1. Counting only chymotrypsin sites (Phe, Trp or Tyr not before Pro) that are in a DSSP loop and have at most 16 other C-beta atoms within 10 Å, tell me the longest site-free stretch of the chain.
2. Report the residue, chosen from Pro129, Pro176, Pro272, that carries the largest GNM mean-square fluctuation when the chain is represented by alpha-carbon nodes joined by springs under 10 Å.
3. Over 10 Å intervals from 0, what percent of Cα-Cα pairs in segment 49-146 sits in each interval?
4. Counting pairs of alpha carbon atoms under 8 Å apart in space and at least six apart in sequence, what relative contact order in percent does segment 6-303 give?
5. Among DSSP beta bridges lying fully in the chain, give the percent that are antiparallel, nearest 5.
6. What FRET efficiency comes out for Arg294 versus Arg153 if R0 is 41 angstrom and r is the Cβ-Cβ distance? Round to the nearest 0.05.
7. When the accessible area of segment 6-303 is computed with all protein chains present and a 1.4 Å probe, what percentage of it is carbon and sulfur?
8. Working out 0.36 nm times the residue gap between Phe96 and Arg212, then minus their Cα-Cα distance, what length gain in nm do you get to one decimal?
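The values are calculated or read from the model by the stated rules, or taken from the named source; none is laboratory data. Computed from a prediction, not measured in an experiment: that's the story for all the values here. Here Cβ is always computed from backbone atoms with ideal geometry, including for glycine, and neighbour counts include all displayed protein chains. Surface accessibility is based on the protein's heavy atoms, side chains included, excluding ligands, DNA and RNA. Shrake-Rupley method; radii C 1.70, N 1.55, O 1.52, S 1.80 Å.
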Amino acid sequence: MFSYRHAFHAGNHADVLKHLTWVAVLRYLGQKDTALHIVDTHAGAGIYRLDQEQARTSAESDNGILRLHAAAQNTTSQGSVIPEAVADYLALVEGFNTGQALRVYPGSPWISQTLLRPQDRLKLFEVHPTDARVLERQVEELGKGRQIEVLRRNGFEGLKALLPPPSRRAAVLIDPSYELKTDYPAVLECLEDALRRFPTGTYAVWYPVIGRAEAHALPRKLKTLSTRLQRPWLQTELNVGLQPTEGTAALIAQGKHQVGLRASGMFLINPPYTLAAQLREALPWVLEALREPRGAEWSVTQEGG
Ligand SMILES: C[S@@+](CC[C@H](N)C(=O)[O-])C[C@H]1O[C@@H](n2cnc3c(N)ncnc32)[C@H](O)[C@@H]1O
């Protein structure tokens, strides 16, 4: 039923925005000792090889993490400073690699598990049979026992049973592939239910910025929901101005739709109060590293908090 495999897209510019933001969120929430319950409703396979066939098919990481990494090396060699949130995210990614080249890229489950403290818990939902099997095997190899759990269930539904968490502290990442049109309303329904069960959790939703009415409406509807429930929110978008080339047009035709993805966003409810300033410092630098000649831009807007 599902054809989306994150291995084809790992480390692209959308992952850069999502994971840079997610690292900053978890770092902030990790400052308080009380246990944090982290939930990834759409986990993917967990960790990816950037130098193998799936990732090289469309080579999306070339315009994402690999460019960012190269720009950071240049900046450092010139004695200049990299924004803190970018440096933190890059150091985490580099931690999975040996030597100068990046061959391994951690997806959100691996980013979360790296920042997990002994008192924290991580729940990972994944429905794709192959990716769920890979994820389960890799989680088992980590040997963290019951601290991390993989659930082969619909994450939108599964989240309900986890809220509110016993420690009353949670960070939830909602990162569907939007392969199904129903993912857009499902995000809203899931969040409305989650906020009713646990209004003070930190929720982060990734969304594509594409020419589709549902995609266009999603951040607007998320704002309306947050405002109605009187929760602070933050929206950030990154448009690298990527233009589909002849080669990528063929891949888009085969349904590997993220190849042509020019922009994406993150919508956060109850964001850390430090996040907007961190992103405003980080994103101009990220954009300079990833931008194509035309149409690139970034934004951060927020309300409340
Ligand atoms: C964009 S990928 C996740 C990437 C991952 N969060 C990361 O940042 O590394 C979306 C994943 O969600 C899975 N998926 C799709 N619908 C789902 C659902 N209802 N519940 C759980 N997983 C789902 C897909 O199989 C796919 O692996």
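1. Details: sites that count: Phe2, Phe96, Tyr273.
Counting only loop sites that pass the neighbour cut-off, the longest clear stretch is 97-272.
2. Comparing Pro129, Pro176, Pro272 in a Gaussian network model of the chain, the most mobile one is Pro129.
3. Computed distribution, short to long bins: 12, 38, 34, 14, 2.
4. On the way: 515 pairs, mean separation 69.2, N = 298.
Once divided by the residue count of segment 6-303, the mean separation gives 23 percent.
5. Numbers: 24 of 40 bridges.
Antiparallel bridges: around 60 percent, rounded to the nearest 5.
6. Working: r = 42 Å, r/R0 = 1.03.
The computed FRET efficiency comes out at 0.45.
7. Working: 6410 of 12980 Å².
The nonpolar share, carbon plus sulfur, comes to 49 percent.
8. On the way: separation 116, 0.36 × 116 = 41.76 nm, distance 3.60 nm.
Difference between extended and current length: 38.2 nm.
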